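I have placed the structure first, in the form of structure tokens, so that the comments after it can refer back to it.
The values are calculated or read from the model by the stated rules, or taken from the named source; none is laboratory data. A quick note: this is a predicted structure, and the numbers were derived from the prediction, not measured. Positions of Cβ are backbone-derived with ideal geometry, glycine not excepted, and every protein chain shown enters the neighbour counts. Accessible surface areas use protein heavy atoms only, side chains included; no ligands, DNA or RNA. Shrake-Rupley method; radii C 1.70, N 1.55, O 1.52, S 1.80 Å.
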Amino acid sequence: MINTYDEALNFIHGRTKFKKIPTLKRMRRFLDELGAPDKKINAIHIAGTNGKGSTLAFLRNIFQAEGKTVGSFTSPFLIKFNERISVNGVGISDAEILRLTQELYPTIAKLDAELPEGGPTELEIVTAMMFKYFSEGHADIVLIEVGLGGLYDSTNVIMPKVSVITSIGWDHMHILGDTLPKIAFQKAGIIKKGVPVVVGGVDPDPLQVIIRQAQKMQSPIQILGKDFDVKDNGEKNWSQYFDFSSGDFHLDQVQTSLIGDYQTHNAALAIQAYIEYESLHQRKADPKIVKKGIESTRWAGRFERVSSNPTIVLDGAHNISAVNLIVQTLENDFSKGHVYILMGILADKQADKMVDKIATVPNASIVLTQFAGPGKRAAANPEKLEHKLETHPKNVSAIDDWHEAITEIKRKLTADDMLLITGSLYFISDVRKYLKQPDHNLK
């Protein structure tokens with residue numbers, strides 16, 4: 001029997017990650033055994049290669065500004081597992097994690113015994129916990145982030161009010177496919193019959209895949225740059241500014257603390273999703289509420305400044321698409337001073353391409369390091385990675401111990417410089433805990 005919070009986590013993390021054949025049948029059976037809790041919640045479903053978390057955060061704050069209690073399901077967690085299931089941005093308690101695990105356990109044991117391939121996976125269990133919790137009435141609306149892909153993701157049993165596809169880029173190719181249209185097909189799997197879908201800036205070929213799926217499902221589609229638009233007005237004093245327009249709805253000089261012009265795109269997706277949701281309920285979106293929600297949004301680990309003296313920034317960019325956006329932000333808004341970039345990357349990512357790309361930033365020095373990856377996933381070896389780089393850039397070096405690397409880089413920082421720590425959400429989670437310790441005296 002599971003009697004403590006730690007035992008609950010050990011049980012969840014001890015489950016298989018994937019099954020050989022992707023299917024939603026096992027997830028559907030699991031939930032039906034639990035009384036179909038997914039059919040009792042009011043949800044918005046969010047997929048995409050990058051930008052899911054930020055879009056969700058913007059949307060959550062808009063709904064909160066309206067006075068709603070907002071549930072969220074996100075992955076991975078940055079500090080503590082409980083963050084994955086949250087209410088108004090606060091992870092549920094240890095006691096709730098224990099209770100939910102205990103309540104699901106008999107059904108899991110039953111499916112373990114009855115199903116030929118075994119019972120639910122780790123992600124399926126966490127997803128079922130989320131559905132069970134929010135079916136109890138803890139939130140007015142639930143924002144659900146896809147874990148992996150979309151079509152066969154455990155969250156894809158949901159019938160949402162609105163679907164969102166933020167972006168299509170290179171990640172998880174061994175599972176989702178080796179071309180952007182193949183990846184888009186997996187993401188477009190979240191589109192449900194008649195449910196409005198909001199789509200971000202996607203290249204023409206993968207966009208056509210999404211459009212075809214929306215047409216097939218008779219789903220109204222709103223595309224960034226075609227049906228609604230955003231104009232980035234640049235960064236000033238660690239705030240990003242933008243204008244938004246959608247039909248007769250306009251916002252000027254909206255301010256957000258999430259840095260990067262790609263964050264204005266994520267904000268635009270959130271605003272449009274909110275407009276679609278309000279329209280379904282015969283309501284018009286209130287510009288004051290939207291602006292208040294966007295301006296109050298914070299999202300840890302997304303170009304997050306954790307220190308201003310010296311300037312230290314954490315960003316969870318963990319694939320080539322995300323690194324491209326970081327490079328764009330650095331070149332557009334941080335060309336003054338020197339940027340020291342500390343990178344820890346998981347070995348199963350396109351690590352060499354990520355480093356080759358970020359090494360193109362003219363005023364940057366890159367230090368490769370390693371960290372303890374989650375579970376059995378290892379971090380890329382910094383020395384081997386350095387030798388593997390195609391261009392062998394002179395501004396790349398390696399330091400195995402990331403604690404030592406941070407100490408060494410901090411000694412070099414002047415008032416105009418920045419230390420950017422990136423490469424993996426798992427890596428910056430470790431770094432964030434370390435930097436937040438009292439003896440670091442960060443300001």
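Assorted remarks:
- Selection status of residue 235, charged (D, E, K, R) and at pLDDT below 95: yes
Quick grid of which residues meet (1) over 17 Å from residue 427 (Cα atoms); (2) outside any loop (DSSP other than H, G, I, E, B); (3) within 28 Å of the chain's Cα centre (by Cα):
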position	(1), (2), (3)
355	no, yes, yes
366	no, yes, yes
369	no, yes, yes
373	no, no, yes
377	no, no, yes
385	no, yes, yes
394	yes, no, no
397	yes, yes, no
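- Annotation note: Cβ proximity below 9 Å between a residue of segment 122-149 that is surrounded by fewer than 20 Cβ atoms within 10 Å (Cβ to Cβ) and a residue that is of a type outside the set (Ser, Thr, Tyr) and assigned to a strand (DSSP E or B) (sequence gap 6+ or interchain) occurs for 138/71; 138/87; 140/70; 140/71.
- Single match in 20, 25 (criterion: open to solvent by 20 Å² or more (accessible area, probe 1.4 Å) and without any contact (Cβ under 8 Å) to a residue 60 or more places away in the chain): 25
- Residues satisfying the stated conditions in segment 31-50, i.e. open to solvent by 30 Å² or more (accessible area, probe 1.4 Å) and part of a loop (DSSP other than H, G, I, E, B): 34, 35, 42
- Segment 84-98, residues that are charged (D, E, K, R) and either open to solvent by less than 30 Å² (accessible area, probe 1.4 Å) or part of a loop (DSSP other than H, G, I, E, B) (or both): 84
- Residues located in segment 332-343, provided they are open to solvent by 30 Å² or more (accessible area, probe 1.4 Å) and not aromatic (Phe, Trp, Tyr): 332, 333, 335, 336, 337, 338
- Looking at 341, 320, just one residue is at pLDDT 90 or above, closer than 27 Å to residue 384 by Cα and aliphatic (A, V, I, L, M), and that residue is 341.
- Which listed residue is more than 13 Å from residue 139 (Cα to Cα), surrounded by 22 or more Cβ atoms within 10 Å (Cβ to Cβ) and in contact with a strand residue (DSSP E or B) (Cβ under 8 Å, 6 or more places away or on another chain), from 71, 53: 53
- In segment 363-370 there is no residue matching the filter, namely being modelled with pLDDT under 90, surrounded by fewer than 22 Cβ atoms within 10 Å (Cβ to Cβ) and of a type outside the set (Phe, Trp, Tyr).
- Failed criterion for residue 407 (all others in (1) at pLDDT 90 or above; (2) of a type in the set (Ser, Thr, Tyr); (3) under 22 Å from residue 322 (Cα atoms) hold): (3)
- Within the option set 182, 192, 187, 161, being within 28 Å of residue 377 (Cα to Cα), surrounded by fewer than 22 Cβ atoms within 10 Å (Cβ to Cβ) and not polar (S, T, N, Q) holds for one residue only, 182.
- Residues that are of a type in the set (A, V, I, L, M) and surrounded by 15 or more Cβ atoms within 10 Å (Cβ to Cβ) within segment 344-362 comprise 345, 346, 351, 354, 355, 358, 359, 361, listed in sequence order.
- Residue under evaluation residue 61, criteria (1) under 28 Å from residue 201 (Cα atoms); (2) part of a loop (DSSP other than H, G, I, E, B); (3) not hydrophobic (A, V, I, L, M, F, W, C), criterion not met: (2)
- Within segment 289-298, the presence of at least one residue that is of a type in the set (Gly, Ala, Ser) and at negative phi is confirmed.
- Any hit, segment 376-388, residues being at pLDDT 90 or above, of a type in the set (Lys, Arg), closer than 30 Å to residue 80 by Cβ and in contact with a strand residue (DSSP E or B) (Cβ under 8 Å, 6 or more places away or on another chain): no
- Search result, residues across segment 195-210 that are in contact (Cβ under 8 Å) with a residue 12 or more places away in the chain and either open to solvent by 30 Å² or more (accessible area, probe 1.4 Å) or among the aliphatic types (A, V, I, L, M) (or both): 195, 197, 198, 199, 201, 202, 203, 205, 207, 208, 209, 210
- Any chance residue 283 is without any contact (Cβ under 8 Å) to a residue 12 or more places away in the chain, out of contact with any Asp or Glu (no Cβ under 9 Å at 6 or more places or on another chain) and not hydrophobic (A, V, I, L, M, F, W, C): yes
Table: residues versus (1) modelled with pLDDT of 95 or more; (2) of a type in the set (D, E, K, R); (3) touching a strand residue (DSSP E or B) at 6+ places or on another chain (Cβ under 6 Å).
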position: 181; (1), (2), (3): no, no, no
position: 184; (1), (2), (3): no, no, no
position: 187; (1), (2), (3): no, yes, yes
position: 194; (1), (2), (3): yes, no, no
position: 197; (1), (2), (3): yes, no, yes
position: 204; (1), (2), (3): no, no, no
position: 211; (1), (2), (3): yes, no, no
position: 216; (1), (2), (3): yes, yes, no
position: 221; (1), (2), (3): yes, no, yes
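- Filtering 258, 251, 330, 342 for residues that are farther than 22 Å from residue 140 by Cα and touching a Pro at 6+ places or on another chain (Cβ under 7 Å) leaves a single hit, 251.
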